[in-house]
1. Across the range B:1-17, which residue is nearest to the other protein chains (Cβ to nearest Cβ) among those that are more than 8 Å from DNA strand D (Cβ to nearest atom) and assigned to a helix (DSSP H, G or I)?
2. In the set A:241, A:237, A:163, A:223, which member is in contact (Cβ under 8 Å) with a residue 40 or more places away in the chain and under 21 Å from residue B:278 (Cβ atoms)?
3. Between a residue in the range A:14-25 that is in the same structural domain as residue A:39 (by TED's automatic domain parsing) and any residue that is near DNA strand C (Cβ under 8 Å from one of its atoms) and assigned to a loop (DSSP other than H, G, I, E, B), which pairs come within a Cβ distance under 8 Å, given they are 6 or more apart or on different chains?
4. Any residue that is in the same structural domain as residue B:108 (by TED's automatic domain parsing), more than 16 Å from DNA strand D (Cβ to nearest atom), surrounded by fewer than 15 Cβ atoms within 10 Å (Cβ to Cβ) and more than 29 Å from residue B:248 (Cα to Cα) - is there at least one of those in the range B:70-86?
5. For residue B:43, indicate whether it is touching a helix residue (DSSP H, G or I) at 6+ places or on another chain (Cβ under 7 Å), away from DNA strand D (no atom under 16 Å from the Cβ) and outside the structural domain of residue B:122 (by TED's automatic domain parsing).
6. Can you name the residue in the range A:264-301 that is assigned to a helix (DSSP H, G or I) and at the interface with chain B (Cβ under 10 Å from one of its Cβ atoms) and, of all such residues, is farthest from residue B:261 (Cα to Cα)?
7. Given the criterion within 11 Å of another protein chain (Cβ to nearest Cβ) and away from DNA strand C (no atom under 12 Å from the Cβ), identify the matching residue among A:43, A:59.
8. Can you tell me which condition residue B:97 does not meet? The list is (1) more than 17 Å from residue A:61 (Cβ to Cβ); (2) facing chain A (nearest Cβ under 8 Å); (3) touching a residue at least 24 places away in the same chain (Cβ under 8 Å), and all the others hold.
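The values are calculated or read from the model by the stated rules, or taken from the named source; none is laboratory data. Predicted, not measured: the structure shown is a model, and the values here were computed from it. Every residue, glycine among them, receives a Cβ derived from its backbone with ideal geometry; neighbour counts consider all protein chains shown.
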DNA sequence: CTGAAAGCGCTTACAG
DNA sequence: CTGAAAGCGCTTACAG
């Protein structure tokens, strides 16, 4: 592979001049410039990004750590981050923590070692606070994605409160009073916000929420199925509607509903966050809170760029609104 | 940030010794080693991966370029690649070409500039042959993923032929003779293989395939809808079954079917490649050829590792088998 | 307008 | 068993 030295000697100039021509960082005589450019052509020279990064203390790359690469919503966020990064001329280093704090830690260290210019993290469920401390100590720009924290850090997520309130209003308007919430792992901030939003919204409507209708803590579809199924039989105290807080939870709960032979809608109303792709094509047509996942990813990059340009800028926390697709499952 | 010089001076040794301790690359007296390790602790030293890579001419990173980050199947492949890369201690650089040869080219150049140890590519629909030539000239290990080529390069994809044959057999066994194939962009090798596999399988069954039942070239769900819809009305010459070659094509075709008020199954049988997530929970329950997308990604990394370890190994082409989930849509 | 040279932070022959 | 030093391929003050 040709190096800058090869180009310089072929063009009969110094490496400084080659560098300045390539980076347009100081004036070079048109004639000299032309000689350099044709030497670049002739040698097939391409600048070594590694060597360049080492000198500039800037890599033009960012790191993204997601908590669950298997979830469609996170796949969309990754897509959004990639798109925005490419637009800014940044390379993207991707890692998946798979909800494992140890893997998350290792991924962050690897990215830090590679001197990424900034980090975007959707934290794992049991993520340790020390991790963010660590990044802050390195003075490395950081953006929290989807799973936010009560910290002085740039962040972008969705407004879970408002979406949940709209969903509860929608259901209670239709006479539902015994609504089961399937909320998953409450250490995950987005799920906790949905959980809290549900209780607040129900309270505002003057409705009790018995503990038996709060189904928390399951992290797989199978476990959710097992937890939900036994709670469905009772027509006096059982739920008339189910509200799932993620695609995975919805899958487990819906399977339970079907296993018990209940009809959606009819004997059971059903709504979910995130939900299923192309769900307008299938029965039951499920009312879904659709996160702007792609835009979440884009916005995270936007916040990071802003921070890189203005390190002293005040902390910014973005809450994007979700769109609610009302369908027959809640009629 | 502490450097190896800081560690060396604090430990009272040379940087060589620090390096050798950290890499376990030559024997060091236990006592010296201990001093080094505590100096590492004290300074919070972390090796700079950039500088290390530059010396070693190896970055412990790989590049992945996918053609359509929006498709669930590709998201799964990315996930598989990430998982396997992490297991091998490799960082993953991700780029999306969005089916645009120019973006694909730019992504490959960026990855090459960053000196990734190898490349995995799911090529864009109109990908230029020169691109692979370019990578070969750099002597950079390359693995083709999902979208294969008739070239002497390591590759991993699925066996489209056998899956398509099974699908056609399944349908013809049930009496279907007028089967519409919705095959999309035939420049995409996987789609072309499905297309060819269909014709071969039909021929083997002695069935004609009129051009009116071959719906090719659409690249969006909306365009597919527009192409398919007018072909459904005719009960004499129209199809009794539809076979879609990707999720996106299936969405467009299914919407057309529903728009025309046809019942699946009943008045129209339907099957698809890739398909929809959790489709066992929804009606119509659609017969689906499920690619082992995650394993495809894992295998691609496996091939790359093999090539890195044994540059002279013979070219390997892997064809993984898909699983067919037979459901009511084809009954 | 251009060049000689230092230096980014490592690894690795070479020498003892 | 360990160290001094070269060198990976760039960028960037410094000097003229």
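1. B:4
2. A:241
3. If the second residue must be near DNA strand C (Cβ under 8 Å from one of its atoms) and assigned to a loop (DSSP other than H, G, I, E, B), the pairs left are A:17/A:28; A:20/A:26; A:20/A:28; A:21/A:28.
4. No, every residue in the range B:70-86 fails to be in the same structural domain as residue B:108 (by TED's automatic domain parsing), more than 16 Å from DNA strand D (Cβ to nearest atom), surrounded by fewer than 15 Cβ atoms within 10 Å (Cβ to Cβ) and more than 29 Å from residue B:248 (Cα to Cα).
5. Details: touching a helix residue (DSSP H, G or I) at 6+ places or on another chain (Cβ under 7 Å): yes; away from DNA strand D (no atom under 16 Å from the Cβ): yes; outside the structural domain of residue B:122 (by TED's automatic domain parsing): yes.
Yes, satisfied.
6. Step one: of the range A:264-301, the residues assigned to a helix (DSSP H, G or I) are A:279-281, A:293-301.
From what is left, the residues that are at the interface with chain B (Cβ under 10 Å from one of its Cβ atoms) are A:279-281, A:294.
Values: A:279: 18, A:280: 15, A:281: 13, A:294: 33 Å.
Ranking the qualifying residues of the range A:264-301, first place goes to A:294.
7. Working: A:43 fails: within 11 Å of another protein chain (Cβ to nearest Cβ).
Testing whether each residue is within 11 Å of another protein chain (Cβ to nearest Cβ) and away from DNA strand C (no atom under 12 Å from the Cβ) leaves just A:59.
8. (2)
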